[in-house]
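Asker: Have a look at this one before I ask anything.
The values are calculated or read from the model by the stated rules, or taken from the named source; none is laboratory data. Everything numeric here is computed off the predicted structure, so don't read it as measured data. Counting neighbours? That spans all protein chains shown, and the Cβs are built from the backbone with ideal geometry, glycine included.
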Amino acid sequence: MIEISVFGGVFGPIAEIWYFADYWRPPSLLGIAKVSLEDFLFGFATVGICASLYYFIFNKKQKNKTRSISIFEFLFNPRLILFVAAIIFLMIILNNLLKINSIFASSFIFLISSFYIMLKRKDLIKVSLTTSLFLPILILPIYHLILNLIITPDFFEKYWLLNNTVWDIKVLGNIPVTELIWYFAAGAFFSILYEFVIDL
């Protein structure tokens, strides 16, 4: 979990390059729409939850590795590097060239990546589908608590760039459906990425 979480922490700030451009421009410790510590923490926590949610829900243990894998070995694993390169390449094509909003482009990439892994590893289908379904359900009350009860109901009205567009659809008052779509896709992909990369 630590290895995949560190990957998420590194990947999170990179992804914000696209999200800040056309999806949202939230405040951070360093200013409005500035890559900051929050992006590392969000990526670290979200990817870690994705990787462990299925095993937590069903009280199962992940398969044992034949040998220990260091964080360095995981981050520089050729399979992982290929995935990262493919994701960045596809984001450039879909978002920068074809102008598909980054939240939809990344969600699509996560989904096709998870389908590719599931074609190769049918034993991971249940893990991927379960996580993709349960992660948005887990996120809803957290978002409701933070956006409606703790921070402010107008957070997305202030910082979300899809207000007053066809995608301006919210549930529970202030939670954009696009967020749930992203969590669905991220859950499908990041729940099985680690096991596929190191061939558990």
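Asker: If a residue has to be under 12 Å from G43 (Cβ atoms) and of a type in the set (D, E, K, R) to count, how many in the range 6-24 make the cut? Give the derivation first.
Answerer: We begin by selecting, within the range 6-24, every residue under 12 Å from G43 (Cβ atoms); these are 6-16, 19.
Of the ones still in play, those that are also of a type in the set (D, E, K, R) are 16.
Number satisfying all stated conditions: 1.
Asker: I'm trying to understand the selection: among the residues of the range 20-42, which are in contact with a strand residue (DSSP E or B) (Cβ under 6 Å, 6 or more places away or on another chain) and of a type in the set (D, E)?
Answerer: Once the filter is applied, which keeps residues that are in contact with a strand residue (DSSP E or B) (Cβ under 6 Å, 6 or more places away or on another chain) and of a type in the set (D, E), the range 20-42 yields only E38.
Asker: Could I ask something else about it? Answer with yes or no whether K120 is basic (K, R) and either in contact (Cβ under 8 Å) with a residue 24 or more places away in the chain or surrounded by 14 or more Cβ atoms within 10 Å (Cβ to Cβ) (or both).
Answerer: On the way: basic (K, R): yes; either in contact (Cβ under 8 Å) with a residue 24 or more places away in the chain or surrounded by 14 or more Cβ atoms within 10 Å (Cβ to Cβ) (or both): yes.
Yes: the conditions hold for K120.
Asker: Residues of the range 147-177 being under 18 Å from I137 (Cβ atoms) and surrounded by 15 or more Cβ atoms within 10 Å (Cβ to Cβ), which ones?
Answerer: Scanning the range 147-177 gives L147, N148, K170, N174, I175, P176.
Asker: For the range 55-63, check the following and say yes or no: at least one residue is of a type in the set (F, W, Y), farther than 14 Å from E195 by Cα and surrounded by 16 or more Cβ atoms within 10 Å (Cβ to Cβ).
Answerer: Going through the range 55-63, the residues of a type in the set (F, W, Y) turn out to be 55-56, 58.
Subset that is farther than 14 Å from E195 by Cα: 56, 58.
In the following step, the residues that additionally are surrounded by 16 or more Cβ atoms within 10 Å (Cβ to Cβ) were identified as none.
Within the range 55-63, none of the residues are of a type in the set (F, W, Y), farther than 14 Å from E195 by Cα and surrounded by 16 or more Cβ atoms within 10 Å (Cβ to Cβ).
Asker: Can you find, within the range 93-111, the residue that is surrounded by the fewest Cβ atoms within 10 Å (Cβ to Cβ) among those that are within 12 Å of A188 (Cα to Cα) and of a type in the set (A, V, I, L, M)?
Answerer: Kept after step one, since they are within 12 Å of A188 (Cα to Cα), are these residues of the range 93-111: 107-111.
Within this subset, residues satisfying the condition of being of a type in the set (A, V, I, L, M) are 109, 111.
Details: I109: 22, L111: 18.
Filtering first and then ranking leaves L111.
Asker: Considering every residue within the range 149-158, establish whether at least one is within 25 Å of F56 (Cα to Cα) and modelled with pLDDT under 90. Before you say what the answer is, go through the steps one by one.
Answerer: In the first step, residues of the range 149-158 are kept if they are within 25 Å of F56 (Cα to Cα); the result is none.
No, that holds for no residue.
Asker: Can you report the number of residues in the range 154-200 which are closer than 30 Å to F74 by Cα and assigned to a strand (DSSP E or B)?
Answerer: The number of residues fulfilling the criteria is 0.
Asker: Scan the range 4-35 residue by residue and report those that are at pLDDT below 90 and either touching a Phe, Trp or Tyr at 6+ places or on another chain (Cβ under 8 Å) or on the phi < 0 side of the Ramachandran plot (or both). Can you show your working first?
Answerer: From the range 4-35, those at pLDDT below 90 are 26-35; that's our starting set.
Within the range 4-35, P26, P27, S28, L29, L30, I32, A33, K34, V35 meet the criteria.
Asker: Among the residues of the range 24-40, is there at least one that is closer than 21 Å to S132 by Cβ, outside any strand (DSSP E or B) and touching a residue at least 12 places away in the same chain (Cβ under 8 Å)? Full working, then the answer.
Answerer: Initially, the range 24-40 is screened for residues closer than 21 Å to S132 by Cβ, giving none.
No - not one qualifying residue is present in the range 24-40.
Asker: In addition: Read through the list (1) modelled with pLDDT of 90 or more; (2) of a type outside the set (F, W, Y); (3) farther than 28 Å from D199 by Cβ, then give the number of the only condition that K122 fails.
Answerer: Among (1) modelled with pLDDT of 90 or more; (2) of a type outside the set (F, W, Y); (3) farther than 28 Å from D199 by Cβ, the lone unmet condition for K122 is (3).
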